[in-house]
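Working notes, structure below.
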């Protein structure tokens, strides 16, 4: 078991400067993508993508709803990569085109 | 000029639907909308949620039905039965539950004078009861609303005497959608769009594939099969009374982006859910405003529902819910995130489009709208709406 005190599991320590991408909800991850610069998205995507297979392999050792805090953070970062790839792989800019008014959309898991 | 329909399959199968342009006035007329309220929404079976959300006795949710000026309380009783009631106290007509969802372990108590009801809707306690005049509590339970559950989907009908039960209403859809693993599904995501658009514009936009390679050219440019003249042809269109089904196949030549390749390569648990599908993509419009979609998944099939709740002639709350089996590990959680994020972008583009279509139609520059053969299910929908609304004149 890795230390609860470290931000990320030690084998992924080099990703710690990007730990602000450990966002709890889909809504937050979407907002982060849309409010980041193109360079910030590329930096995050570029650092995470080559490690994704190792990250998932590591995270699969834990029950999904009972992970140590550092592993949980890493999972949330992995979910953010899925979100960010919409920009880096498809739209080539932070926001998608022809988006609906953000003030009138609600995204959740229990609505 | 003669219309050439030699290769137009659907109008040959359903010639009664015709080929004429369709009036757009039904989407922008306030008078038409008032008739829809009375003649469609107050008399049809309406999906208001799922029984999965209220698994335990006493679990409840409230659904505000602005279109019918109703507030509906859906609750599981101590006998496990799901019932719907008007969310209104029998004493002075106060709204009983403020909003949302909850658990009624003992009683639901009115905030005004503490009249209390059990989870079967019976009036159980009235403060200072003997000071009322011959009050018989048995007569003053919550007002029941006709309720039926089908594959876990809760439907209500505001008609005090519905002219048909839900299974009769669903017609051939009930026969077709049978035996899926609905009980293994859980809500993975819900998106709600408060749209400045008529409810039928939203349904029309979702009820065809024609727009997909154009409106969704970045997010899903090649998801559906391309099989005739460079366009997607739907596999089948079937009408079941008021309801419709169209089916489509996915594109085997679809080119996955890197994230999709990563997701496709993840280890997953064996398949847990299969939906009762006839193709790889089944789209049911259950009249008037409920859509049930099944996607064939690599592992688990996906169930997606839409509820289009009219708020006004030019305002609709579009609710989209994605159901998947709960993820068991990080791999499955990432698969779920991939599905939900991509779907959200598609819906986001659709919702924006509903508004621009409404804005265009509201200018009244165009009297009619046109439907091609692959949009025949929209033609059917407009005809069913028109048939209901015409009743008022008879």
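Data table
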item: Residue exposure sequence - B:167, B:263 - by fewest surrounding Cβ within 10 Å; result: B:167, B:263
item: In degrees, nearest ten, helix A:69-85 long axis to first principal axis of chain A (Cα); result: 30
item: Principal axes of the stretch B:344-394: Cα extent on each, largest first, Å; result: 44, 25, 21
item: Sequence of B:107, B:323 once ranked by neighbouring C-beta atoms within 10 Å, starting from the fewest; result: B:107, B:323
item: Distribution of pairwise C-alpha distances over the stretch B:236-309, 10 Å bins, in %; result: 17, 39, 30, 13, 1
item: Computed log₁₀ I(q)/I(0) - Debye formula, equal Cα scatterers, no solvent, the stretch B:181-279, q 0.12, 0.22 Å⁻¹; result: -0.61, -1.40
item: Peptides ranked, highest mean first, by Cβ atoms within 10 Å: ranges B:116-122, A:89-95, B:246-252; result: B:116-122, B:246-252, A:89-95
item: Binned Cα-Cα distance frequencies in chain A - 10 Å width, integer %; result: 13, 44, 30, 11, 1
item: MRE, 222 nm, helices only [DSSP H, n ≥ 4, -39500 (n - 2.57), over the protein assembly as shown, to nearest 500]; result: -8000 deg cm²/dmol
item: Cα convex hull of chain B, projected area averaged across orientations, nm²; result: 22.8
item: Taking the convex hull of Cα positions in the stretch B:161-214, its mean projected area over all directions (nm²); result: 7.2
item: The stretch A:27-43 versus the stretch B:56-92: alpha-carbon centroid distance in Å; result: 41
item: Proportion of all alpha-carbon pairs of the stretch B:252-394 beyond 17 Å (%); result: 73
item: Packing-based exposure ordering (other Cβ within 10 Å, fewest first) of A:77, B:277, B:317; result: B:277, B:317, A:77
item: Tilt relative to chain A, helix A:38-48 - C-alpha long axis, 0 to 90 degrees, to 10; result: 30
item: Cα-based helix-to-principal-axis angle, B:376-390 vs chain B, degrees rounded to 10; result: 40
item: P(r) tail fraction, the protein assembly as shown - alpha-carbon pairs more than 42 Å apart, %; result: 25
item: The stretch B:209-263, relative contact order in percent, only Cα pairs under 8 angstrom and at least six apart counted; result: 29
item: Gap separating the Cα centres of the stretch B:312-376 and the stretch A:65-111, nearest whole Å; result: 18
item: Antiparallel DSSP beta bridges within the protein assembly as shown, as percent of all bridges there, nearest 5; result: 100
item: Ellipsoid equivalent to the stretch B:10-114 - semi-axes via the Cα gyration tensor, in Å; result: 38, 19, 9
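No value in this document is a laboratory result; all are computed from the given coordinates. Predicted model only: the values in this text are computed from it and were never measured. Please note: Cβ atoms are built from the backbone with ideal geometry, for glycine as well, and neighbour counts cover all protein chains shown.
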